[in-house]
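K.L.:
Have a look at this one before I ask anything.
The values are calculated or read from the model by the stated rules, or taken from the named source; none is laboratory data. What you see is a predicted model; the values in this text were computed from it and never measured. Please note: Cβ atoms are built from the backbone with ideal geometry, for glycine as well, and neighbour counts cover all protein chains shown. Keep in mind that these areas ignore ligands, DNA and RNA; they rest on the heavy atoms of the full protein, side chains included. Shrake-Rupley method; radii C 1.70, N 1.55, O 1.52, S 1.80 Å.
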Amino acid sequence: MFGFDKKPEQAEVHQWSLDQPLLKFAGKDSWTIGDACEGTLIFGGTGSGKTTGSGQAIAMAMLRAGFGGLVLTVKSEETDRWREYMERCGRSDDLIIFSPESEHRFNFLEYERRRSTRGGGSTGNIVRLFMTVMAVGQEGAKGGGDSAFWDKALKQLLRNILDALRLADRDMTLENMMRVVNSAPQSREETESDEWKERSYLFDTLASAAERTTDEEALRTLRLTTEYWLDEFAAVMDSRTRGNIISTFTTTADGFMRGDLHKLFGTTLNITPEETLEGKVIVIDLPEKQFHELGKIAQIVWKICWQRMLEETKRRSSTSRPVMLWIDEAQNFITESEPFFLHTVREKKGCCVYLTQAKSNYLHALGPGHDATVESFLAVPSTIIFHCNTDPETNEWAERVISQNWSLNTTRNVSDGDKNNPEQSGQEKQVSMGFSLSRMPRIFASEFGELSNGGPPDYVVKAILTQAGRRFTSGEGNVIRLKFNQKPKVKNQ
(Lines give C-alpha, C1' and ligand atoms only; values in the text may rest on other atoms or scores of the structure.)
Protein backbone atom coordinates (compact mmCIF):
# COMPACT_ATOMS: atom_id res chain seq x y z
CA MET A 1 0.00 0.00 0.00
CA PHE A 2 1.01 3.62 -0.10
CA GLY A 3 0.66 6.69 2.11
CA PHE A 4 -0.31 10.28 1.39
CA ASP A 5 2.16 13.09 1.82
CA LYS A 6 1.64 15.75 4.49
CA LYS A 7 -1.05 18.37 4.11
CA PRO A 8 -0.36 21.66 2.33
CA GLU A 9 -0.36 23.85 5.45
CA GLN A 10 2.12 21.51 7.17
CA ALA A 11 4.56 21.62 4.27
CA GLU A 12 7.49 23.97 3.91
CA VAL A 13 8.00 26.55 1.17
CA HIS A 14 9.35 23.83 -1.10
CA GLN A 15 6.09 21.80 -0.93
CA TRP A 16 5.76 22.04 -4.71
CA SER A 17 9.32 21.15 -5.66
CA LEU A 18 9.55 18.43 -8.25
CA ASP A 19 11.10 15.92 -5.85
CA GLN A 20 8.27 16.21 -3.31
CA PRO A 21 6.61 12.76 -2.90
CA LEU A 22 2.93 12.39 -3.75
CA LEU A 23 2.61 8.63 -3.18
CA LYS A 24 4.83 6.38 -1.12
CA PHE A 25 5.22 2.78 -2.16
CA ALA A 26 6.78 -0.12 -0.31
CA GLY A 27 10.34 0.38 0.94
CA LYS A 28 11.98 3.63 -0.08
CA ASP A 29 10.13 4.04 -3.38
CA SER A 30 7.86 7.02 -3.96
CA TRP A 31 6.11 8.81 -6.81
CA THR A 32 6.85 12.55 -6.90
CA ILE A 33 5.43 15.75 -8.35
CA GLY A 34 8.17 15.55 -10.97
CA ASP A 35 7.00 12.04 -11.89
CA ALA A 36 3.42 13.28 -12.16
CA CYS A 37 4.51 16.13 -14.45
CA GLU A 38 5.85 13.58 -16.93
CA GLY A 39 2.34 12.28 -17.61
CA THR A 40 0.33 9.24 -16.55
CA LEU A 41 -1.66 6.67 -18.50
CA ILE A 42 -4.00 4.28 -16.68
CA PHE A 43 -5.48 1.22 -18.39
CA GLY A 44 -8.03 -1.22 -17.06
CA GLY A 45 -11.11 -3.03 -18.28
CA THR A 46 -14.61 -2.17 -17.15
CA GLY A 47 -14.89 -2.99 -13.44
CA SER A 48 -11.12 -3.34 -13.04
CA GLY A 49 -10.93 -0.73 -10.27
CA LYS A 50 -8.77 1.71 -12.25
CA THR A 51 -10.89 4.70 -11.19
CA THR A 52 -11.34 3.67 -7.55
CA GLY A 53 -7.85 2.15 -7.31
CA SER A 54 -4.87 4.00 -8.76
CA GLY A 55 -7.12 6.76 -10.10
CA GLN A 56 -8.51 7.61 -6.68
CA ALA A 57 -5.08 7.36 -5.02
CA ILE A 58 -3.43 9.74 -7.48
CA ALA A 59 -6.34 12.20 -7.47
CA MET A 60 -6.41 12.37 -3.68
CA ALA A 61 -2.63 12.75 -3.49
CA MET A 62 -2.70 15.66 -5.92
CA LEU A 63 -5.54 17.37 -4.09
CA ARG A 64 -3.87 16.99 -0.70
CA ALA A 65 -0.71 18.51 -2.17
CA GLY A 66 -2.68 21.60 -3.18
CA PHE A 67 -2.96 21.06 -6.93
CA GLY A 68 -5.40 23.06 -9.01
CA GLY A 69 -6.78 21.52 -12.15
CA LEU A 70 -9.33 20.83 -14.84
CA VAL A 71 -11.53 17.72 -14.74
CA LEU A 72 -13.51 16.52 -17.77
CA THR A 73 -16.50 14.21 -17.35
CA VAL A 74 -18.20 11.47 -19.34
CA LYS A 75 -20.51 9.99 -16.70
CA SER A 76 -22.89 11.97 -14.50
CA GLU A 77 -21.51 10.46 -11.28
CA GLU A 78 -18.01 11.85 -11.90
CA THR A 79 -18.94 15.28 -10.57
CA ASP A 80 -20.17 13.74 -7.32
CA ARG A 81 -16.95 11.73 -7.08
CA TRP A 82 -14.82 14.88 -7.29
CA ARG A 83 -17.10 16.68 -4.87
CA GLU A 84 -16.41 13.86 -2.40
CA TYR A 85 -12.67 13.97 -3.09
CA MET A 86 -12.53 17.70 -2.39
CA GLU A 87 -14.54 17.33 0.80
CA ARG A 88 -12.35 14.50 2.10
CA CYS A 89 -9.26 16.64 1.47
CA GLY A 90 -10.78 19.69 3.15
CA ARG A 91 -10.81 21.67 -0.09
CA SER A 92 -14.50 22.09 -0.88
CA ASP A 93 -14.03 25.86 -1.17
CA ASP A 94 -11.63 25.30 -4.08
CA LEU A 95 -14.17 23.34 -6.12
CA ILE A 96 -15.84 25.02 -9.11
CA ILE A 97 -18.62 23.10 -10.84
CA PHE A 98 -19.14 24.44 -14.38
CA SER A 99 -22.68 23.43 -15.25
CA PRO A 100 -26.01 24.88 -16.45
CA GLU A 101 -27.10 25.07 -12.80
CA SER A 102 -24.12 27.22 -11.76
CA GLU A 103 -23.53 30.93 -12.25
CA HIS A 104 -20.24 30.41 -14.09
CA ARG A 105 -19.97 31.53 -17.71
CA PHE A 106 -17.15 31.00 -20.19
CA ASN A 107 -17.39 32.95 -23.42
CA PHE A 108 -14.30 31.29 -24.86
CA LEU A 109 -14.14 33.67 -27.83
CA GLU A 110 -13.99 36.69 -25.58
CA TYR A 111 -11.52 34.87 -23.35
CA GLU A 112 -9.18 34.23 -26.28
CA ARG A 113 -9.58 37.82 -27.37
CA ARG A 114 -8.66 39.22 -23.93
CA ARG A 115 -5.89 36.79 -23.09
CA SER A 116 -2.82 38.86 -22.25
CA THR A 117 -0.11 36.30 -23.03
CA ARG A 118 1.82 36.47 -26.31
CA GLY A 119 -0.66 34.30 -28.21
CA GLY A 120 -3.70 36.03 -26.73
CA GLY A 121 -6.02 37.95 -29.02
CA SER A 122 -4.61 36.33 -32.13
CA THR A 123 -7.14 35.67 -34.87
CA GLY A 124 -5.05 32.69 -35.95
CA ASN A 125 -5.26 31.10 -32.50
CA ILE A 126 -9.03 31.46 -32.39
CA VAL A 127 -9.27 29.97 -35.87
CA ARG A 128 -7.20 26.97 -34.78
CA LEU A 129 -9.47 26.51 -31.77
CA PHE A 130 -12.50 26.49 -34.05
CA MET A 131 -10.89 24.06 -36.46
CA THR A 132 -10.20 21.59 -33.66
CA VAL A 133 -13.76 21.90 -32.39
CA MET A 134 -15.20 21.40 -35.85
CA ALA A 135 -13.02 18.37 -36.47
CA VAL A 136 -14.82 16.80 -33.50
CA GLY A 137 -18.31 17.93 -34.44
CA GLN A 138 -18.16 17.61 -38.22
CA GLU A 139 -16.47 14.25 -38.78
CA GLY A 140 -16.84 13.42 -42.46
CA ALA A 141 -19.18 16.37 -43.12
CA LYS A 142 -17.05 18.48 -45.46
CA GLY A 143 -19.09 17.57 -48.49
CA GLY A 144 -16.49 15.53 -50.35
CA GLY A 145 -13.50 16.68 -52.32
CA ASP A 146 -10.01 17.33 -51.12
CA SER A 147 -10.05 17.73 -47.33
CA ALA A 148 -7.01 20.03 -47.45
CA PHE A 149 -8.95 22.41 -49.71
CA TRP A 150 -11.97 22.45 -47.40
CA ASP A 151 -9.80 23.05 -44.37
CA LYS A 152 -8.11 26.03 -46.00
CA ALA A 153 -11.41 27.45 -47.19
CA LEU A 154 -12.97 27.09 -43.73
CA LYS A 155 -9.96 28.73 -42.07
CA GLN A 156 -10.25 31.61 -44.52
CA LEU A 157 -13.93 32.06 -43.71
CA LEU A 158 -13.31 32.04 -39.95
CA ARG A 159 -10.37 34.41 -40.21
CA ASN A 160 -12.43 36.98 -42.10
CA ILE A 161 -15.41 36.66 -39.75
CA LEU A 162 -13.24 37.25 -36.71
CA ASP A 163 -11.20 40.07 -38.22
CA ALA A 164 -14.35 41.93 -39.24
CA LEU A 165 -15.69 41.78 -35.67
CA ARG A 166 -12.34 42.59 -34.09
CA LEU A 167 -11.67 45.63 -36.27
CA ALA A 168 -15.17 46.96 -35.60
CA ASP A 169 -14.74 46.28 -31.87
CA ARG A 170 -17.91 44.18 -31.86
CA ASP A 171 -18.55 41.59 -29.17
CA MET A 172 -16.77 38.34 -29.98
CA THR A 173 -19.70 35.94 -29.75
CA LEU A 174 -20.95 33.03 -31.82
CA GLU A 175 -24.17 34.95 -32.34
CA ASN A 176 -22.31 37.83 -33.98
CA MET A 177 -20.25 35.40 -36.04
CA MET A 178 -23.46 33.83 -37.34
CA ARG A 179 -24.88 37.30 -38.09
CA VAL A 180 -21.83 38.08 -40.20
CA VAL A 181 -22.17 34.88 -42.22
CA ASN A 182 -25.94 35.07 -42.63
CA SER A 183 -25.80 38.67 -43.87
CA ALA A 184 -22.91 38.15 -46.31
CA PRO A 185 -23.58 38.95 -50.00
CA GLN A 186 -24.25 36.07 -52.37
CA SER A 187 -23.43 37.84 -55.65
CA ARG A 188 -21.64 40.84 -57.16
CA GLU A 189 -24.99 42.52 -57.74
CA GLU A 190 -25.93 42.23 -54.09
CA THR A 191 -22.75 43.98 -52.96
CA GLU A 192 -23.85 47.02 -54.95
CA SER A 193 -27.42 46.95 -53.70
CA ASP A 194 -28.55 49.71 -51.30
CA GLU A 195 -31.16 47.32 -49.90
CA TRP A 196 -28.46 44.78 -48.93
CA LYS A 197 -26.30 47.49 -47.39
CA GLU A 198 -29.16 48.73 -45.23
CA ARG A 199 -30.06 45.31 -43.77
CA SER A 200 -26.64 43.62 -43.72
CA TYR A 201 -24.93 43.22 -40.34
CA LEU A 202 -21.70 42.43 -42.21
CA PHE A 203 -21.80 45.68 -44.18
CA ASP A 204 -22.50 47.66 -41.01
CA THR A 205 -19.59 45.90 -39.31
CA LEU A 206 -17.19 46.66 -42.15
CA ALA A 207 -18.35 50.31 -42.25
CA SER A 208 -17.83 50.64 -38.51
CA ALA A 209 -14.37 49.12 -38.81
CA ALA A 210 -13.47 51.59 -41.57
CA GLU A 211 -14.48 54.53 -39.38
CA ARG A 212 -12.39 53.52 -36.38
CA THR A 213 -9.32 51.95 -38.01
CA THR A 214 -6.24 54.16 -38.33
CA ASP A 215 -3.30 51.84 -37.69
CA GLU A 216 -1.47 50.93 -40.89
CA GLU A 217 -1.40 47.19 -40.23
CA ALA A 218 -5.06 47.20 -39.14
CA LEU A 219 -5.99 49.08 -42.34
CA ARG A 220 -4.22 46.43 -44.38
CA THR A 221 -6.14 43.68 -42.58
CA LEU A 222 -9.41 45.56 -43.12
CA ARG A 223 -8.70 45.87 -46.85
CA LEU A 224 -8.07 42.14 -47.13
CA THR A 225 -11.18 41.35 -45.11
CA THR A 226 -13.37 43.66 -47.20
CA GLU A 227 -12.01 42.21 -50.45
CA TYR A 228 -12.74 38.72 -49.23
CA TRP A 229 -16.41 39.41 -48.44
CA LEU A 230 -17.27 41.73 -51.32
CA ASP A 231 -15.20 40.10 -54.02
CA GLU A 232 -14.03 36.51 -53.41
CA PHE A 233 -16.93 35.31 -51.25
CA ALA A 234 -19.69 37.06 -53.18
CA ALA A 235 -18.49 36.84 -56.79
CA VAL A 236 -15.57 34.46 -57.26
CA MET A 237 -16.49 31.53 -55.03
CA ASP A 238 -18.72 28.86 -56.53
CA SER A 239 -22.14 28.81 -54.85
CA ARG A 240 -21.87 25.12 -53.98
CA THR A 241 -18.44 25.62 -52.41
CA ARG A 242 -19.73 28.63 -50.51
CA GLY A 243 -22.71 26.66 -49.25
CA ASN A 244 -20.59 23.74 -48.04
CA ILE A 245 -18.18 26.00 -46.16
CA ILE A 246 -20.97 27.94 -44.49
CA SER A 247 -22.77 24.72 -43.54
CA THR A 248 -19.63 23.32 -41.91
CA PHE A 249 -19.40 26.39 -39.70
CA THR A 250 -23.08 26.90 -38.89
CA THR A 251 -23.88 23.30 -37.99
CA THR A 252 -21.29 23.41 -35.20
CA ALA A 253 -21.94 26.99 -34.09
CA ASP A 254 -25.71 26.44 -34.02
CA GLY A 255 -25.47 24.04 -31.08
CA PHE A 256 -23.72 26.69 -28.98
CA MET A 257 -26.46 29.23 -29.67
CA ARG A 258 -29.28 27.35 -28.00
CA GLY A 259 -30.28 26.39 -24.49
CA ASP A 260 -27.70 25.55 -21.85
CA LEU A 261 -24.65 25.79 -24.09
CA HIS A 262 -25.55 29.29 -25.21
CA LYS A 263 -26.01 30.32 -21.58
CA LEU A 264 -22.65 28.82 -20.62
CA PHE A 265 -20.51 29.78 -23.62
CA GLY A 266 -22.32 32.53 -25.52
CA THR A 267 -23.01 35.24 -22.99
CA THR A 268 -20.39 36.61 -20.60
CA LEU A 269 -17.04 35.68 -19.07
CA ASN A 270 -16.74 35.27 -15.29
CA ILE A 271 -14.45 32.24 -15.03
CA THR A 272 -11.15 31.50 -16.74
CA PRO A 273 -8.64 28.62 -16.87
CA GLU A 274 -6.15 30.79 -14.95
CA GLU A 275 -8.09 30.10 -11.75
CA THR A 276 -6.59 26.61 -11.66
CA LEU A 277 -3.16 28.22 -11.17
CA GLU A 278 -4.50 29.61 -7.88
CA GLY A 279 -5.63 26.20 -6.67
CA LYS A 280 -9.17 25.98 -8.02
CA VAL A 281 -10.34 22.64 -9.38
CA ILE A 282 -12.80 23.18 -12.24
CA VAL A 283 -15.06 20.21 -12.97
CA ILE A 284 -16.83 20.52 -16.33
CA ASP A 285 -20.21 19.04 -15.46
CA LEU A 286 -21.40 18.51 -19.03
CA PRO A 287 -21.07 14.71 -19.12
CA GLU A 288 -20.89 13.30 -22.60
CA LYS A 289 -23.45 10.62 -21.68
CA GLN A 290 -26.04 13.35 -21.02
CA PHE A 291 -25.06 16.20 -23.35
CA HIS A 292 -23.75 13.88 -26.08
CA GLU A 293 -21.73 15.43 -28.94
CA LEU A 294 -22.20 19.03 -27.80
CA GLY A 295 -21.08 18.14 -24.28
CA LYS A 296 -17.98 16.56 -25.77
CA ILE A 297 -17.25 19.60 -27.93
CA ALA A 298 -17.81 21.98 -25.02
CA GLN A 299 -15.31 20.12 -22.85
CA ILE A 300 -12.74 20.01 -25.62
CA VAL A 301 -13.08 23.81 -25.88
CA TRP A 302 -12.26 24.05 -22.16
CA LYS A 303 -9.36 21.63 -22.53
CA ILE A 304 -7.77 23.50 -25.43
CA CYS A 305 -8.11 26.88 -23.72
CA TRP A 306 -6.62 25.43 -20.51
CA GLN A 307 -3.73 23.86 -22.39
CA ARG A 308 -2.95 27.10 -24.24
CA MET A 309 -3.07 29.07 -21.02
CA LEU A 310 -0.62 26.73 -19.36
CA GLU A 311 1.75 26.63 -22.32
CA GLU A 312 1.97 30.43 -22.47
CA THR A 313 2.32 31.06 -18.73
CA LYS A 314 5.74 31.64 -17.19
CA ARG A 315 6.17 29.35 -14.19
CA ARG A 316 9.00 28.73 -11.71
CA SER A 317 9.61 25.05 -11.10
CA SER A 318 10.13 25.11 -7.33
CA THR A 319 7.46 27.55 -6.17
CA SER A 320 4.70 27.34 -8.79
CA ARG A 321 1.62 25.35 -7.85
CA PRO A 322 1.27 22.14 -9.91
CA VAL A 323 -1.93 21.77 -11.92
CA MET A 324 -3.58 18.66 -13.27
CA LEU A 325 -5.62 17.74 -16.31
CA TRP A 326 -7.80 14.78 -15.31
CA ILE A 327 -9.65 12.79 -17.97
CA ASP A 328 -11.41 9.52 -17.24
CA GLU A 329 -12.68 7.79 -20.40
CA ALA A 330 -9.97 9.87 -22.05
CA GLN A 331 -10.61 8.55 -25.56
CA ASN A 332 -13.60 10.91 -25.73
CA PHE A 333 -11.47 14.04 -25.44
CA ILE A 334 -8.06 13.56 -27.05
CA THR A 335 -7.25 15.51 -30.20
CA GLU A 336 -4.49 15.41 -32.78
CA SER A 337 -2.52 18.03 -30.85
CA GLU A 338 -2.34 15.97 -27.63
CA PRO A 339 1.20 14.60 -28.18
CA PHE A 340 2.59 18.09 -28.84
CA PHE A 341 1.12 19.40 -25.59
CA LEU A 342 2.47 16.47 -23.58
CA HIS A 343 5.99 17.01 -24.90
CA THR A 344 6.31 20.40 -23.20
CA VAL A 345 3.79 20.45 -20.34
CA ARG A 346 6.30 19.13 -17.80
CA GLU A 347 8.15 22.45 -17.90
CA LYS A 348 4.90 24.16 -16.86
CA LYS A 349 4.24 21.76 -13.96
CA GLY A 350 1.18 20.37 -15.69
CA CYS A 351 0.27 16.84 -14.64
CA CYS A 352 -1.93 15.01 -17.14
CA VAL A 353 -3.74 11.79 -16.18
CA TYR A 354 -5.59 9.81 -18.84
CA LEU A 355 -7.74 6.78 -17.96
CA THR A 356 -9.27 4.35 -20.44
CA GLN A 357 -10.05 0.66 -20.92
CA ALA A 358 -7.97 -0.29 -23.93
CA LYS A 359 -5.23 1.02 -26.19
CA SER A 360 -7.49 0.66 -29.22
CA ASN A 361 -9.94 3.20 -27.75
CA TYR A 362 -7.63 6.04 -28.72
CA LEU A 363 -7.27 4.91 -32.31
CA HIS A 364 -11.02 4.38 -32.63
CA ALA A 365 -11.65 7.88 -31.26
CA LEU A 366 -9.31 9.65 -33.70
CA GLY A 367 -10.24 7.43 -36.63
CA PRO A 368 -8.36 5.73 -39.46
CA GLY A 369 -5.07 7.26 -40.52
CA HIS A 370 -4.14 8.45 -37.04
CA ASP A 371 -1.97 5.51 -36.00
CA ALA A 372 1.14 7.69 -35.74
CA THR A 373 -0.69 10.26 -33.59
CA VAL A 374 -1.88 7.56 -31.19
CA GLU A 375 1.55 5.92 -30.99
CA SER A 376 3.14 9.31 -30.31
CA PHE A 377 0.57 10.07 -27.62
CA LEU A 378 1.14 6.72 -25.89
CA ALA A 379 4.91 7.11 -26.03
CA VAL A 380 5.16 10.42 -24.17
CA PRO A 381 3.81 9.79 -20.62
CA SER A 382 6.47 8.36 -18.32
CA THR A 383 4.17 6.48 -15.93
CA ILE A 384 1.83 3.75 -17.16
CA ILE A 385 -0.41 1.79 -14.80
CA PHE A 386 -2.11 -1.43 -15.85
CA HIS A 387 -5.13 -2.85 -14.04
CA CYS A 388 -7.06 -6.04 -14.73
CA ASN A 389 -7.80 -6.32 -18.42
CA THR A 390 -9.06 -8.96 -20.83
CA ASP A 391 -8.22 -7.05 -24.01
CA PRO A 392 -5.49 -9.06 -25.78
CA GLU A 393 -4.10 -6.13 -27.75
CA THR A 394 -3.69 -3.96 -24.65
CA ASN A 395 -2.18 -6.79 -22.61
CA GLU A 396 0.28 -7.75 -25.34
CA TRP A 397 1.23 -4.09 -25.74
CA ALA A 398 1.72 -3.85 -21.96
CA GLU A 399 4.04 -6.85 -22.10
CA ARG A 400 6.11 -5.10 -24.77
CA VAL A 401 6.10 -1.75 -22.96
CA ILE A 402 7.38 -3.34 -19.76
CA SER A 403 9.96 -5.04 -21.95
CA GLN A 404 12.10 -8.08 -21.33
CA ASN A 405 14.79 -9.14 -18.92
CA TRP A 406 17.64 -11.61 -19.10
CA SER A 407 16.63 -15.00 -17.73
CA LEU A 408 19.03 -17.77 -16.71
CA ASN A 409 17.81 -21.11 -18.08
CA THR A 410 19.04 -24.39 -16.61
CA THR A 411 18.85 -27.79 -18.30
CA ARG A 412 19.52 -31.13 -16.51
CA ASN A 413 20.01 -34.44 -18.30
CA VAL A 414 20.04 -37.81 -16.53
CA SER A 415 21.10 -41.13 -18.15
CA ASP A 416 21.37 -44.70 -16.83
CA GLY A 417 24.40 -45.62 -18.89
CA ASP A 418 24.67 -48.32 -21.54
CA LYS A 419 23.66 -51.71 -20.08
CA ASN A 420 25.13 -53.51 -23.08
CA ASN A 421 28.53 -51.99 -22.41
CA PRO A 422 30.41 -54.08 -19.78
CA GLU A 423 32.44 -51.05 -18.74
CA GLN A 424 29.27 -49.09 -17.79
CA SER A 425 27.38 -51.98 -16.25
CA GLY A 426 26.41 -51.27 -12.65
CA GLN A 427 27.50 -47.66 -12.75
CA GLU A 428 25.35 -44.89 -11.17
CA LYS A 429 23.16 -42.64 -13.28
CA GLN A 430 24.99 -39.94 -15.22
CA VAL A 431 23.86 -36.32 -14.74
CA SER A 432 24.79 -33.37 -16.93
CA MET A 433 23.88 -29.67 -16.47
CA GLY A 434 23.58 -26.87 -19.02
CA PHE A 435 23.11 -23.12 -18.64
CA SER A 436 21.96 -20.45 -21.09
CA LEU A 437 20.69 -16.87 -21.11
CA SER A 438 17.57 -15.71 -22.95
CA ARG A 439 15.31 -12.70 -23.04
CA MET A 440 11.96 -13.22 -21.32
CA PRO A 441 9.09 -10.78 -20.61
CA ARG A 442 9.17 -9.31 -17.11
CA ILE A 443 5.37 -9.54 -17.03
CA PHE A 444 3.51 -11.91 -19.32
CA ALA A 445 0.35 -10.67 -21.07
CA SER A 446 -1.73 -13.35 -19.37
CA GLU A 447 -1.00 -11.89 -15.91
CA PHE A 448 -3.00 -8.71 -16.51
CA GLY A 449 -6.23 -10.66 -16.68
CA GLU A 450 -5.57 -12.10 -13.22
CA LEU A 451 -5.13 -8.84 -11.28
CA SER A 452 -7.57 -8.26 -8.42
CA ASN A 453 -10.27 -5.72 -9.28
CA GLY A 454 -11.36 -4.88 -5.75
CA GLY A 455 -14.78 -5.11 -4.19
CA PRO A 456 -15.77 -7.03 -1.05
CA PRO A 457 -14.54 -8.28 1.25
CA ASP A 458 -11.15 -6.52 1.26
CA TYR A 459 -11.68 -3.85 -1.45
CA VAL A 460 -8.10 -4.19 -2.66
CA VAL A 461 -7.23 -3.39 -6.27
CA LYS A 462 -3.98 -4.66 -7.72
CA ALA A 463 -2.05 -3.00 -10.51
CA ILE A 464 1.30 -3.05 -12.26
CA LEU A 465 3.13 0.25 -12.69
CA THR A 466 6.00 0.88 -15.07
CA GLN A 467 7.96 4.11 -15.29
CA ALA A 468 10.53 5.11 -17.87
CA GLY A 469 14.02 5.72 -16.52
CA ARG A 470 13.18 4.33 -13.09
CA ARG A 471 14.63 1.51 -11.02
CA PHE A 472 12.44 0.60 -8.05
CA THR A 473 14.14 -0.79 -4.96
CA SER A 474 11.09 -2.90 -4.17
CA GLY A 475 10.26 -3.86 -7.74
CA GLU A 476 11.71 -5.49 -10.83
CA GLY A 477 13.74 -2.81 -12.59
CA ASN A 478 11.31 -0.13 -13.73
CA VAL A 479 8.27 -2.24 -12.79
CA ILE A 480 6.50 -2.37 -9.43
CA ARG A 481 3.40 -4.27 -8.29
CA LEU A 482 0.96 -2.20 -6.27
CA LYS A 483 -2.13 -2.62 -4.13
CA PHE A 484 -4.72 0.14 -3.73
CA ASN A 485 -7.42 0.30 -1.10
CA GLN A 486 -10.74 1.37 -2.60
CA LYS A 487 -11.84 2.65 0.82
CA PRO A 488 -8.76 4.42 2.24
CA LYS A 489 -8.92 6.04 5.62
CA VAL A 490 -8.11 9.68 4.95
CA LYS A 491 -8.27 12.39 7.60
CA ASN A 492 -9.66 15.77 6.70
CA GLN A 493 -7.54 18.86 7.15
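K.L.:
Between 0 and 90 degrees, rounded to the nearest ten: what's the tilt of helix 239-253 against the longest Cα principal axis of the chain?
P.N.:
The two axes meet at around 60 degrees.
K.L.:
Relative contact order for region 334-397 using alpha-carbon pairs under 8 Å, separation at least 6, rounded to a whole percent?
P.N.:
45 percent
K.L.:
Another question about this same structure. Kindly write out, for region 200-213 in residue order, the coupling ³J(HN,Hα) from the Karplus curve 6.51 cos²θ - 1.76 cosθ + 1.60 (θ = phi - 60°), rounded to whole Hz, with x marking Gly and Pro.
P.N.:
Result, ordered by residue: 7, 5, 4, 4, 4, 5, 5, 5, 5, 5, 5, 6, 9, 8 Hz.
K.L.:
Cβ neighbours within 10 Å, averaged per peptide: list 330-339, 300-309, 86-95 in order, most packed at the top.
P.N.:
With the highest mean Cβ count within 10 Å placed first, the list reads 300-309, 330-339, 86-95.
K.L.:
Which far-off residues, 5 or more places away or on another chain, put their amide H under 5 Å from the one on Arg321, with H placed in the peptide plane?
P.N.:
Here the answer is none, since no amide H 5 or more places off falls under 5 Å of that of Arg321.
K.L.:
Which whole-Hz couplings ³J(HN,Hα) result when phi for each residue of region 26-40 is put into the Karplus expression 6.51 cos²θ - 1.76 cosθ + 1.60, θ = phi - 60°, listed in order with x for Gly and Pro?
P.N.:
5, x, 9, 7, 8, 10, 9, 4, x, 4, 4, 5, 8, x, 9
K.L.:
Taking every pair of Cα atoms in the chain, average 1/r, invert it to obtain the Kirkwood radius, and report Rg/Rh to two decimals.
P.N.:
Radius of gyration over Kirkwood radius for the chain works out to 1.13.
K.L.:
As a check on your grasp of the helix formula, calculate [θ] at 222 nm for the chain: sum -39500 (n - 2.57) over DSSP H runs of n ≥ 4, divide by the residue count, round to the nearest 500.
P.N.:
Counting only the DSSP helices, I get -11500 deg cm²/dmol.
K.L.:
Note the direction-averaged projected area, equal to a quarter of the hull surface, for the Cα convex hull of region 444-493, in nm².
P.N.:
The orientation-averaged projected area of the Cα hull of region 444-493 comes to 5.4 nm².
K.L.:
Roughly how many debye, to the nearest 20, is the charge dipole of the chain about its Cα centre, given +1 on each Lys and Arg Cβ, -1 on each Asp and Glu Cβ, and no other charges?
P.N.:
With only Lys, Arg, Asp and Glu charged at Cβ, the dipole is about 1640 debye.
K.L.:
Compute the long axis of helix 147-167 from its Cα atoms, compare it with the longest principal axis of the Cα atoms of the chain, and write down the angle in degrees, 0 to 90, nearest 10.
P.N.:
The two axes meet at around 50 degrees.
K.L.:
In what order, largest first, do Asp391, Asp328 sit by accessible area if the probe radius is 1.4 Å?
P.N.:
Most to least solvent-accessible, the answer reads Asp391, Asp328.
K.L.:
Heavy atoms of the protein only, probe of 1.4 Å, neighbouring chains included. What is the accessible area of Glu278 in Å², nearest 10?
P.N.:
Approximately 140 Å² of Glu278 is accessible to the 1.4 Å probe.
K.L.:
How far is helix 288-311 tilted off the main Cα axis of the chain, in degrees rounded to 10, range 0 to 90?
P.N.:
90 degrees
K.L.:
In percent, what relative contact order does the chain have, based on Cα pairs under 8 Å that are 6 or more apart in sequence?
P.N.:
Relative contact order, the chain: 25 percent.
K.L.:
Using θ = phi - 60° and the Karplus form 6.51 cos²θ - 1.76 cosθ + 1.60, what ³J(HN,Hα) does each residue of region 347-359 get, whole Hz, x for Gly and Pro?
P.N.:
3J(HN,Hα) across region 347-359, in whole Hz: 5, 9, 6, x, 10, 9, 10, 10, 10, 7, 7, 9, 4.
K.L.:
Here is a further query. For the chain, give the percent of accessible area contributed by carbon and sulfur heavy atoms, probe 1.4 Å, rounded to a whole number.
P.N.:
With neighbouring chains kept in place, the figure for the chain is 46 percent.
K.L.:
What trypsin sites (Lys or Arg not before Pro) does region 196-264 have in DSSP loop regions with at most 11 other beta carbons within 10 Å?
P.N.:
Filter output for region 196-264: Arg258.
K.L.:
Once amide H atoms are built 1.01 Å from N in the peptide plane, which residues 5 or more positions from Gln20, or in another chain, come under 5 Å H to H?
P.N.:
Ile33, Gly34
K.L.:
Quick check for you: with a 1.4 Å probe and neighbouring chains kept, what is the accessible area per residue of the chain, in Å²?
P.N.:
Spelled out: the 1.4 Å probe surface of the chain, per residue, equals 47 Å².
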